[in-house]
Amino acid sequence: MKIDKEEIEYIANLSRIRLTEQERELFVHQLSSILSYIEKLNTLDTENVKPMAYTNKVSNVFREDELEPSISLPDVLINAPATKGCFFKVPKVIE
Amino acid sequence: MRLFEFTALQIKNKILSKEISVSDFIKNVFDRIKRVEPNIQAFITINEEEAIKKAIEIDRKIENKENVGLLAGLPIAVKDNICTKNLYTTCASKILKTFIPPYDAFVVKRLREEDAIIVGKTNLDEFAMGSSTENSSYKITRNPWNLECVPGGSSGGSAAAVAADFSLMALGSETGGSVRQPAALCGVVGIKPTYGRVSRYGLVAFGSSLDQVGTVSKDVRDAALLLGVIAGYDLHDSTSANVPVPDYLDRIDSGIDGLRIGIPKEYFTGSFNADVNKALKDALKIYERLGAQVVDISLPHTEYAVAVYYIVANAEASSNLARYDGVRYGHRTSKPSGIIDMYCRTRSEGFGNEVKRRIMLGNYALSSGYYDAYYLKASKVRNLIKNDFDAAFEKVDCIICPTSPVPAFKIGERANNPLEMYLSDIYTIPANLAGIPGISIPCGFSEEGLPIGMQILGKHFEEKKLLQIAYAFERETDFHVKKPVLKISSM
């Protein structure tokens, strides 16, 4: 599987990552070689195999809807780069 | 023998019998750290002040004949992707350089409840993505057995800390072998518990269907002690298993007579390190002498495990790491021109190359048009890999194989080839994909004097049996008591 610069740019955008020209070159090469390795999965017939995400038998986990203390507001905000009052502050979202 | 060289259970006895005080022992440990850490670089944060305070508190409890916890006064190092209240948790990433968690992870809460002393936070590959600890944004940790070699990874700091006697035990985390592989490369014991055995609450998420907190210790009995403390059900992790936790130390010496050990033929083919091969063959002879029966088995889908893993783990990682956006915690870029610019620049500045590579690979595998070909396909093959183990465990009680195909490799040797680095986890990844438990114990040394690890894999929730099997071997050998001869520059 060969992946080109345009595709790299597309995935980088999906990932919200900006690449330098140098990084783009490097990733084209590295991701192509990783994806070629992964191609080997296509030699297996999985037509009648079910996909598996969790190895334990997990079903929905319910609990009673009871009030419980949560992390305090000052603690929630303490690591934020910018806050205003009881809010996280970010650049303008809607123009 | 110097105090810091004893095992956790030995020190526990000395503390409870008042042969030594916790404060004196902790001082002894920090002296050791100060003298040797500059050459090893196992820690990102050292927690000396809090540790000394805690030691005095436990000494007072013992003096007043109050009840003390199961880990009273025992120094433990914690991997820096496990949240510790009021103590930096960086994941070895620039993006979390300033992050101080407002809460403790479940496992850290358990350590504190049992009066353990947290000595520091250990180095790792950024966000646990790597097999050598070279991907840390802060420092390169060195293998105590040879300072030019990697300690393995991603829990390389935890394994090196225990091997260098900076702490009696440590917590690490696994997604594809990140406890067992560094334990093997540093000559210590590492457990990866069954998926769901230990709560993931407060473990910074990487691949949520694979992640598990694990233990690093000097011997098998200490591993049993620590696992017993951190295992158990937790309401805060909906994948945590509500299965009773046995006393792992009880009857750990029951022996292995009649045990059926499976040897997967797929693990012993191809280019295989001769020293590792010989150590494993010798280990199996010991097991046979102890009354075990060695049975050839097949795990036919082994060769697909690494490919499956790098789709599944990275797909999950791309989603989990979307939270680092510069809004609620961590790094934020300066003077962004808008919200999207803030996300992009924050993440580009904050993440290292390996993390970027994996997020991109994960997003690619999940993206429209590729989902079926990659993520769905990998999830199906994952099921085949689990079925391989289910079939094998109908014939045998456990599986034994090398933990790593090679002993510790040189720093820099694999750093420029991600795929080659990924293949160092070829023997550990299948257990994570299948959710089964595994333990790595020392089983020999290479010609260059580097430790070799042997891995024992078992059925879901059979950690107790694995510990018994591991202990039966450890009792017959002295690989686990050998110490690295540290050639340190600053005395």
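Some notes on this structure:
- Among the residues of B:324-333, the average count of other protein chain beta-carbon atoms within 10 Å of the residue beta-carbon is 4.
- Kirkwood Rh (inverse of mean 1/r, distinct Cα pairs), the range B:106-205, angstrom: 13.5 Å
- Under 5 Å between amide hydrogens, built in the peptide plane, is the criterion, and for B:ARG260 it picks out B:GLN293, B:ASP397, B:CYS398 among residues at least 5 positions away or on other chains.
- For chain B, a crude dipole built from +1 on the beta carbon of Lys and Arg and -1 on the beta carbon of Asp and Glu, taken about the Cα centre, is about 860 debye to the nearest 20.
- Packing rank of A:38-44, B:309-315, where each peptide gets the mean count of other beta carbons within 10 Å, highest leading: B:309-315, A:38-44
- B/A buried area, accessible surface, summed, 1.4 Å probe, Å²: 5400 Å²
- Note on the range B:303-380: dipole from Cβ charges, positive end direction compared against B:TYR343, B:GLY369, B:TYR309; the farthest Cα belongs to B:TYR343.
- Annotation for the range B:356-430: trypsin sites (Lys or Arg not before Pro) lying in DSSP loop with at most 15 further Cβ atoms inside 10 Å of their Cβ are B:LYS395.
- Size of electric dipole in the range B:297-394: Cβ of Lys, Arg +1 and of Asp, Glu -1, about Cα centre, debye, nearest 20: 560 debye
- Förster-model FRET efficiency, 41 Å R0, B:LYS53 and B:GLU413, C-beta, rounded to 0.05: 0.45
- The range B:270-302 versus the range B:64-122: alpha-carbon centroid distance in Å: 37 Å
- Per-residue mean of C-beta atoms belonging to partner chains within 10 Å, peptide A:31-42: 6
- Taking Cα centre as origin and charging only the Cβ of basic (Lys, Arg, +1) and acidic (Asp, Glu, -1) residues, the dipole magnitude of the range B:354-435 rounds to 320 debye.
- B:ASN39-A:PHE62 FRET efficiency (beta carbon distance; Förster radius 41 Å; 0.05 resolution): 0.20
- Within a straight-line Cα-Cα reach of under 18 Å, B:LYS464 can be paired with the following lysines, leaving aside sequence neighbours fewer than 8 residues apart in one chain: B:LYS192, B:LYS218.
- Global form of chain A, assessed from the alpha-carbon gyration tensor, a/c cut-off 1.5: oblate
- Cross-link partners of A:LYS40 among aspartates and glutamates (Cα-Cα below 12 Å; sequence separation of 8 or more within a chain): B:GLU303
- Distance between the pseudo-spin-label points of B:TYR88 and A:ILE71 (7 Å out from Cα toward the beta carbon): 1.9 nm.
- Annotation: B:ASP282 carries an accessible surface of approximately 60 Å², with a 1.4 Å probe and no ligand, DNA or RNA atoms counted.
- Qualifying GluC sites (Glu not before Pro) in the range B:339-395, where qualification requires a DSSP coil assignment and no more than 15 other C-beta atoms within 10 Å, comprise B:GLU394.
- A crude spin-label estimate for the pair B:SER368 and B:ASP250, with each label 7 Å from Cα along the Cβ direction, gives 5.8 nm.
- Over chain B, the hull volume per residue, using the convex hull of the C-alpha atoms, is 143 Å³.
- With the simple model of a label 7 Å out from the Cα in the direction of the Cβ, A:ASN48 to B:ALA274 spans 4.7 nm.
- Eligible lysines near B:LYS410 by straight Cα distance, threshold 19 Å, same-chain separation 8 or greater: B:LYS139, B:LYS487
- On the beta carbon distance between A:SER32 and A:VAL93, with R0 = 41 Å, the FRET formula returns roughly 0.70.
- Calculated on alpha-carbon atoms, Rg and Dmax of the protein assembly as shown in Å: 23.2, 76
The values are calculated or read from the model by the stated rules, or taken from the named source; none is laboratory data. Being a predicted model, the structure only gives us computed values, none of them experimental. Backbone-built Cβ (ideal geometry, glycine too); neighbour counts: all protein chains shown. Surface areas here come from the heavy atoms of the whole protein model, side chains and all, with no ligands, DNA or RNA. Shrake-Rupley method; radii C 1.70, N 1.55, O 1.52, S 1.80 Å.
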